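What follows is a short report on a single structure.
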Amino acid sequence: MNNSFINKLTFVFFLLGTLLFTSCGSSSGGGDEEEFEFQSSDLTNKYWYANPYLSSDFARDDAVIVYRFEGGNVLKRQEFSGRRDKVVGSWSLKGDELVINDESISIDNRQEWFIQPKSTSTYLKLNSSAGTREFYTDIDEINDVTADAYLVNDLHIVNNAFESAYKLEYAVYGDKLSKVRALVDGSTSFEMEDFTNFKGNKVYYLKENDRDNYFDVFGGAQLIKFYLKFDNGESYKLDEQIYSSSIAALDNFSTTATHASGAGSVTINWNAIDEDDIYYFVEILDKDGNEYLPKFRSTRQSAVAGDAKELIIDNSTASEYEALNELTLGDDYYVKISGFKYEDDIDPDNSSNKEINIQAVTRYTFKAGVW
């Protein structure tokens, strides 16, 4: 047989084999990528975060959404500000149709979504007639963010006499934050200022000029919103609920402090307010009364309603923070007593997020004498 013919025939078989491999081979040759087949197991028992942010005003319902799809078709929604989970309804998944029944939404609480092909076990893209929504199992910017709004019944001096009155206070934590605004209602908002607290954490509080917005009657439950802007330019909004429970005022006449000058010992006496489930912190402040950098902060003190309390502070006293050696002999010092209650359904001992779910605080700060 002619060698030239054999060579030509071999070349033809080579070309056919190449074409066959190209048409039947992997997608790396230019074919469509295989779609991720979304299963219920990809959806359940994890937190899904969406940021529907539209604007920084109060009226927009565009706060961070956090869902958790659990077994038995139980739907939980998290108030992200205080990491509080609540059962709000149910969910179902049939094929690519995800139905969410969220009873916490007053209008259109049944939502029918279709899972899009780009979805994975960490990314969920949903379409409906109302638009598109994207959920992630992690939003890095807000991982360390928490926020709390709470009622304060403050004992303060008015016309040289002590009076008690209410006000609202706010605390927002987050190392990557660059701007925070508390949105009280449609017409009231406050720019907040960043501080470093005694634990070394970055926290936003009201500016000094906005801390004395007192009112006489607490109107009950109220929704507060926080506008957040981050170092990378991203914006978010958080919802935070103040519940209806109020708190009584401390009595300045039942509060004393005795300091043994030079001995480093202070005895604080006070009467617990006549309410159950109130816990106390005692703090010693410097001559300027700096509340954000106390020189001593006690551990949490429990109390029976109306009980007479005493705390002796010396080098052996258990504390959250202690820097009494920084006080200067001969300078004035202040004592701050704070009684507080947690939000509804927060376990005071076992809730890991209890310190960012304070409902109300009763507080009295007074000049205790000379150190």
Give the ranking of 54, 151 by solvent-accessible surface, highest area first, calculated with a 1.4 Å probe.
54, 151
Calculate, in nm to one decimal, what residue 211 and residue 352 gain on full extension: separation in residues at 0.36 nm each, minus their alpha carbon distance.
47.9 nm
Could you work out [θ]222 nm for the chain from helices alone, using -39500 (n - 2.57) per DSSP H run of at least four and dividing by all its residues? Round to the nearest 500 deg cm²/dmol.
-2000 deg cm²/dmol
Pairs of Cα atoms under 8 Å, at least six residues apart: use those to get the relative contact order of the range 63-119, whole percent.
22 percent
Counting only protein heavy atoms and using a 1.4 Å probe, what share of the accessible area of the chain belongs to carbon plus sulfur, as a whole percent?
46 percent
Loop trypsin sites (Lys or Arg not before Pro), the range 179-256, which have at most 16 other Cβ atoms in a 10 Å radius of their Cβ (DSSP):
199, 207, 211
For 112, 79, give the ranking by accessible area with the largest first, probe 1.4 Å.
112, 79
List the residues, sorted by chain then number, that are 5 or more residues from residue 62 or on another chain and whose placed amide H is less than 5 Å from its amide H.
none
Estimated FRET transfer efficiency when R0 is 51 angstrom, pair residue 61-residue 162 (beta carbons, to 0.05):
0.75
Residue 313 long-range amide H proximity, modeled H, under 5 Å
266, 267, 268
Counting only C-alpha contacts under 8 Å and six or more residues apart, can you give the relative contact order of the chain as a whole percent?
13 percent
Here, residue 144 and residue 246, labelled 7 Å along Cα→Cβ, have an inter-label distance in nm of 3.9 nm
Gain in span if fully extended, residue 308 to residue 137, counting 0.36 nm per residue against the direct Cα distance
56.6 nm
The correct pair for the range 30-165, radius of gyration to one decimal and Dmax as a whole number, both in Å and from Cα atoms, is 20.0, 82
Give me the aspartates and glutamates in straight-line cross-link reach of residue 237: C-alpha distance below 12 Å, same-chain residues under 8 apart excluded.
57, 61, 62, 79
Just the number please: accessible area per residue for the chain, 1.4 Å probe, all protein chains included, in Å².
53 Å²
Links exceeding 28 Å between C-alpha atoms in this model, out of 76/179; 176/367; 167/225; 229/367; 94/176, come to 76/179; 176/367; 229/367; 94/176
Note down the relative contact order for the range 226-371 as a percent, whole number, built from C-alpha pairs under 8 angstrom at least six residues apart.
25 percent
Which cross-chain or sequence-distant (5 or more) residues have an amide H under 5 Å from the amide H of residue 88, H modelled 1.01 Å from N in plane?
75, 76, 77
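The values are calculated or read from the model by the stated rules, or taken from the named source; none is laboratory data. Since the structure is predicted, the reported quantities are computational estimates derived from the model, not experimental observations. Every residue, glycine as well, gets a Cβ built from its backbone with ideal geometry; the counts of neighbours run over all protein chains shown. SASA here: full protein model, heavy atoms, side chains in, ligands and nucleic acids out. Shrake-Rupley method; radii C 1.70, N 1.55, O 1.52, S 1.80 Å.
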